[in-house]
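Data first, discussion second: the structure below is written as structure tokens.
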Amino acid sequence: MGEARVVRVPLRVANSYLVIGRQTIIVDTGDPGYSQRILNAIKTNDLKKSDIAMILLTHGHIDHFGSVYELKRQLDVPVAIQRIDEPYLLAGTQAPLYPRNAAARFIKAIGRDMQVKKRYDLQADIVFDDELDLSDFGLDAQVVATPGHTLGSSSLVLPNGIALVGDLLVHKHFLFGEPCPPPFLHDIKKHAESMRRLKNMGVVKFLPGHGQAIHLKELHQTTMSEQN
């Protein structure tokens, strides 16, 4: 089979993605209440539930894992997450928010106590540390740890230079505008190291958790350094 096909599934403000190879991996599930939209996207793309091999969560924030509980019940496939962020998935709570500016501090004040009801006794089926090879799940790709936004953030990297990066990169105005580091950064130095790691892996196109794709040529040099 040729290159994997990536389908963006826009939810309320976050993205879910279908990465379609020999089998299909769902990357992130958005806020609670969006499982049906993802299931509809599976059907629209001529896939069956049996084609889905895994749900990968890029990090432990509710706008990225909120619908996983219902989706897991519907699809009965493994759920994968990086080890450091696993506790937030299991508890249905937010990973810590470290705001970079006044707007982010305001968002934190509103959302820091946000919780999602943990349903169906969901457990993480696959918990990894630095890397996860996806070949056994029908995809010629790997997941690598890309901490910074949270300490347990990860990215799915395809061999064609495309990476699904969660909130490692965002747009200046959230859904549009020039690319920039996220408004919440747990560790600035690790974020810079993660960006360099992806660049060294040949990534030229970043698919973020919010908004449209970001291309390497759009990034200012400062985005790749720890000065952000």
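Bear in mind these aren't lab numbers, they're just calculated from the coordinates by the rules spelled out. As the structure is a prediction and not an experimental result, all values here were calculated from the model. Because the Cβ atoms are built from the backbone with ideal geometry, glycine has one as well, and the counts that use them run over all protein chains shown.
So here's what we get for this one:
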{"item": "Per-pair calculated FRET efficiency, R0 = 22 Å: Arg83 and Asp121 via Cβ, rounded to 0.05", "result": "0.65"}
{"item": "Rounded if a/c under 1.5, otherwise prolate or oblate - the range 13-73, Cα gyration tensor axes", "result": "prolate"}
{"item": "Listed residue (Ala102, His64, Gln82) projecting farthest to the positive dipole end of the range 1-132, Cβ model", "result": "Ala102"}
{"item": "Antiparallel bridges, percent of DSSP beta bridges restricted to the range 5-224 (to nearest 5)", "result": "65"}
{"item": "The chain: C-alpha gyration tensor shape, a/c 1.5 cut-off, then a/b vs b/c", "result": "oblate"}
{"item": "Which of Ala192, Pro10, Ala53, positive extreme of dipole for the chain (C-beta unit charges)", "result": "Pro10"}
{"item": "DSSP loop trypsin sites (Lys or Arg not before Pro) with at most 16 other Cβ within 10 Å excluded, longest remaining stretch of the chain", "result": "173-228"}
{"item": "Within the chain, longest stretch free of exposed chymotrypsin sites (Phe, Trp or Tyr not before Pro) [DSSP loop, at most 11 other beta carbons within 10 Å]", "result": "1-119"}
{"item": "Distance between modelled label sites at Gln36 and Arg12, nm, 7 Å Cα→Cβ extension", "result": "1.5"}
{"item": "Computed over the range 5-224: relative contact order in percent, which uses C-alpha pairs under 8 Å that are six or more apart", "result": "18"}
{"item": "Links that overshoot a 32 Å alpha carbon limit, given the list Lys108/Lys199; Lys48/Lys117; Lys48/Lys217; Lys49/Lys117; Lys43/Lys108; Lys49/Lys217", "result": "Lys48/Lys217; Lys43/Lys108; Lys49/Lys217"}
{"item": "GNM top mover of Ala213, Ala91, Ala124 - the chain, alpha-carbon springs below 10 Å", "result": "Ala91"}
{"item": "Residue exposure sequence - Thr146, Thr44 - by fewest surrounding Cβ within 10 Å", "result": "Thr44, Thr146"}
{"item": "Only Lys, Arg (+1) and Asp, Glu (-1) charged, at Cβ; the chain dipole about Cα centre in debye", "result": "640"}
